[in-house]
Each structure stands twice: as C-alpha cells, then as structure tokens.
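The values are calculated or read from the model by the stated rules, or taken from the named source; none is laboratory data. Keep in mind the model is a prediction, meaning the values are calculated, not measured. Cβ: placed from backbone, ideal geometry, glycine included. Neighbour counts: every protein chain shown. Heads up: the accessible areas ignore ligands, DNA and RNA and are worked out on the full protein's heavy atoms, side chains in. Shrake-Rupley method; radii C 1.70, N 1.55, O 1.52, S 1.80 Å.
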Amino acid sequence: MKNFRKIFMAAALAVLAIFVMANVFLLSGKTQSGRPYMVEIDRLARAIGEQGLEEIDLSDCQYVTNVAQSLGKYPDEGFYEDTECDYQVRMVGGKVYRFDYVYQANQEHRQTVIAVNLVLAVMSLLLLGMLLFVQRKILNPFAELGGLPYELSKGNLTVPIKENKNRFFGRFVWGLNVLRENLEQQKQRELSLLREKKTLVISLSHDIKTPLSAIKLYAKALAKGLYNEKERQLEIYGSIGEKADEIERFLSQIIEASSEDFLNFDVKQGEFYLSELVQAVSAYYRDKLEIMKINFSVEEYTDCLIKGDLDRSVEVLQNIVENAVKYGDGQEIALSFSREEDCRLITVRNTGCTLPQTELPHIFESFIQGTNAKGVNGSGLGLYICRQLMHKMQGEVFAEIRQGQMYVTVIFPV
C-alpha cells in the first residue's frame, strides 16, 4: 500500500506538471495567429483605387467594419477620434482613408486555453478516479488477504474470512473460506483418525490379555499334571492352539492399525468371470450359513467378464456378507444381480436391518459403527475397506434401506 501511495502522489504531481506546462505554453504564445484583417484592407484599398469609395460593399468583410475618407491630402481634425475600433490608415489615389476593423484574436486564444484546461481536468479526474478505484476495489481487499497464507501455514484455521460482494474478490474470498473449512475438517478428521487408531490399538492390546491369561493357566495346569486323562489333555492342547490363533489375529490387527499405510491396499487390476467370484463366495458361506440356520440364496445370473482383482473382490463380498450375518436378524441373506450400462451390479440383501436411516451415509467411513452395533465385536473398518478396494478397481459400493432390509450393492466395471 505504501508503494501505491507513492504511485498515486507521482501521478498527481505529473498531472499538475502537465497543467502548468500546457498553460505556460499557451499563454506564452502569440495572441494573434497572423493578421487576416490586412488581407481585407489590401483588397478594399485596391477596390477604392479602381472604383471609388461609393462602390465599396462592406457586407462581405469579416473584419473591416467601416472606411472613412479625409477631405484633403492630410487627415482632418478628429479623423482619428470618431472610432472605438482598431484602424489602419492608407493613402489611396492621393487621399487618406481610415479602415476600421475588429479582430478578436485574444478572445479566441482565451477560449482555447479554457478548452485545453477543461480537457486536461477531465482526463486527470478520470486517471485519479481510476487509481482510487483500483486501490479501493482491488488493492485494499487483496491487502486484507495478505496474511492469510501465513496463518494457514501455522494451522490457524478457526477464524473465518469476512466475505463481501466485491466483484473481483467475492468469489475468491468465498473459495478461500471453503478451503479453510475443508482444511479444518480434514485436520479434525485426521485427529479423530489418530485418536481412533490409538483407541483401537489399546483395545486390541487389552483383548490379548484374556487369551494370554488362559494359555498361562493351561500351561500351569499341564505342568502340575492336573489333567491326567488323554482326551482332556488333547482338549486343552486344542484350546491353547485356539487362544494362540486368537492372539495372532489381534497382533495382525495391531500391526495394521499401527502402520502409517495400513489402509493402502494393493490391487492387481485384471479380468475374471462373474461365476468365479460367485462360486468363491458361495462355497465359503453356503455350509457356514446352513449351520447357523440362515437361509442363503443366490439368484440366477448370466456369466460375463468383469474388471478388477478376483481376490480383492471376494474379500469385498465376504466383508459385506459378514456384516449381514452380524447385524441382520439371522433369517435370510441373498445375492442378486443386475446390469446398468457398462457395469455389473451385485447386491447383498439381509433381513432385519435395525440401522437408523440417518446413520446410513456414514457406514462407509473408517472406525464408524452404527447404533445397532452394540454388543457386536468389530472395529468399524469393514465397509470402509470395501469402498477403498472398489475405488481402486474403478468400481463403487453403496447401501440403502428398504422396508426394514439392508441392501448393499457392489458395482463392477465390465
């Protein structure tokens, strides 16, 4: 702003200098632009010498207003006193003539000076007005935003930017406010994610204590020979193995949760048949769900090639079916198929959905569990992982609730 004030002062001084120089030039010049009245006087003198004064017509003259004649060869008394105009005396044919004339060169010059000054004044006002407009509408708003990048770099994202209807910076300021809000949300999300990761690690570490204590008790009992029966010993050995597997699963989850890139998944993009995916999922769940007394059905479909990673696609559907087992009413789980444009849709439907409709948009977020998850073990990562994997395979996954049933649909490109 200091530099602009210097520019403004320099412009004002330049305008003043132009005014002074123009006026000095105009006022120092000749007040007369030649002597055009002399041409008329010469023409009239020739006409008098040829025709006489009586034949002279002054109606065509622009400057000469009257011609007076002396009676003798010399000017009469009062010959120079009976006129208020400028005049010139000529000797024509032995007689003295006075030619009165009016020439307003000085008045025309003054009008020229006034006109030039008016033009310069208008141009100067326009120039200075434009500079003031630039200062008020562009430089001042921009100066107010000058410290914003530094504040954002320090992480100061809480103070909103005052918005205005400035035609140059209104949308820019609105965009900065949106950016600031997004950065604030991202910051809060990262803090929440770190907090949830820490909570998850602590929770899993605590969960390890239970199977670990059981293994220690079994080991002490075996060491003291409390179990003499062979069958009982085999049962204890099996329980120890199960507890060890449980600890191994907890440790794997801790390692994933502690890793900086624990949600970055490798996907081998390729092609596979829809039947391969359906058979892999059906083979895993048909017997399992039959034992759990859950009706599992697979709708008829037309086989085709779809794009993606077969193993990751199986993982996606397994996560969705596991959720259907956990949060459904245990009555029915069904797979259905449809086609839209260049995509193939696979829908997993389960009965007994108790998730509120208001929580539906958040089920694909990390570490988010609905209110229907009380008493159900889980970390809130299943559906989040599904969406991330589908995005990496150029697909999508979404969910909807209809008539008390949950529909989770996976979209594969073909």
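A few comments on the model shown:
- Probe 1.4 Å, protein heavy atoms only - accessible area per residue of the range 49-101 in square angstrom: 70
- Largest first, the residues R195, R98, R402, R387 sort by 1.4 Å accessible area into R195, R402, R387, R98.
- Prolate/oblate/rounded call for the range 286-375, Cα gyration tensor, a/c under 1.5 rounded: oblate
- Sequence of L125, L310, L305 when ordered by accessible area, the most exposed leading, probe 1.4 angstrom: L125, L305, L310
- Working ranking of peptides 225-238, 320-333 by packing, defined as the average number of other Cβ atoms within 10 Å per residue, highest first, is 320-333, 225-238.
- Stretching the chain fully between S297 and E50 yields a gain of 75.5 nm (0.36 nm per residue, less the alpha carbon separation).
- Filter on K216/K243; K288/K392; K6/K137; K268/K288 - keep pairs with C-alpha separation over 20 Å: K288/K392; K268/K288
- Taken along the Cα-to-beta-carbon direction at a fixed 7 Å, the label points for Q69 and E276 span 13.1 nm.
- Largest to smallest in accessible area, the residues C353, C85 fall in the order C85, C353 (1.4 Å probe, all protein chains included).
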